[in-house]
Amino acid sequence: MKVSIKSLLGDKYRDGMTIDEIETAIAEIDLHDDEDVRTIEKLKNSVSKGNAEAGEWKRKYQATLSEQERQDAEKAEELQKLKDELAGFRKSAQIAEYKAQLLALGYSDELATKTATAMADGDAETVFAGQKEAFSAMLDAEKKKMLKETPAPPPGDPSSTAMTKEKFDKLGYDERVKLATENPTLYKQFTQETE
């Protein structure tokens with residue numbers, strides 16, 4: 001004899017019952033027949049087996065979900081790695097652009113690299129220190145250039161080229177006009193002494 005849950009529960013049966021509701025309804029039935037008791041045990045065993053299978057499927061689903069989560073985490077990690085790499089490339093390009101501009105201003109290669117990196121990092125203190133160093137180096141270079149281009153004084157006694165009262169008295173008119181134009185203070189000094 002085949003017994004279904006619907007026929008066993010009779011009026012207590014309704015569609016969409018949960019396993020707990022079925023077990024509660026079965027417990028409330030008063031069966032004295034041994035065959036009915038065996039049927040109830042079979043049904044309880046079937047319900048227990050169904051619960052076990054549902055639990056197994058749930059664990060498999062959780063394992064699948066964990067695998068999916070692991071894959072999602074790997075994808076997120078790879079995406080972050082690519083973002084970091086892109087940010088590094090952008091920073092390198094920015095440093096190269098700053099370096100080119102600093103080299104055009106006359107910075108040394110090493111100082112341009114150091115200052116450009118500081119500019120990209122937002123390190124104002126290092127940028128200002130780099131500017132100070134570059135400015136100092138440019139001034140030193142300009143001084144060296146001026147010294148190199150300045151002619152050496154003529155050889156001989158430096159006092160022989162200095163103007164004295166005796167030399168002034170021996171100067172002609174044109175030479176005196178030239179001295180008055182080039183060094184009016186000295187000219188006045190010699191002319192006041194004669195008056």
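Counting residues in segment 175-186 that are in a loop (DSSP other than H, G, I, E, B) and surrounded by fewer than 10 Cβ atoms within 10 Å (Cβ to Cβ) gives zero. Taken together, the residues in segment 18-54 that are at pLDDT below 85, surrounded by fewer than 11 Cβ atoms within 10 Å (Cβ to Cβ) and small (Gly, Ala, Ser) amount to 1.
A single member of GLY88, GLY106 is within 44 Å of the chain's Cα centre (by Cα), of a type outside the set (Phe, Trp, Tyr), closer than 30 Å to GLY130 by Cβ and not in a helix (DSSP H, G or I), and it is GLY106. Does LEU65 count as within 58 Å of the chain's Cα centre (by Cα) and at pLDDT below 75? Considered against the rule, which asks whether it is within 58 Å of the chain's Cα centre (by Cα) and at pLDDT below 75, LEU65 comes out as yes.
The values are calculated or read from the model by the stated rules, or taken from the named source; none is laboratory data. Bear in mind that the values here come from a model prediction, so they are computed numbers and not experimental data. Using ideal geometry, Cβ is built from the backbone for each residue, glycine included, and neighbour counts are taken over all protein chains shown.
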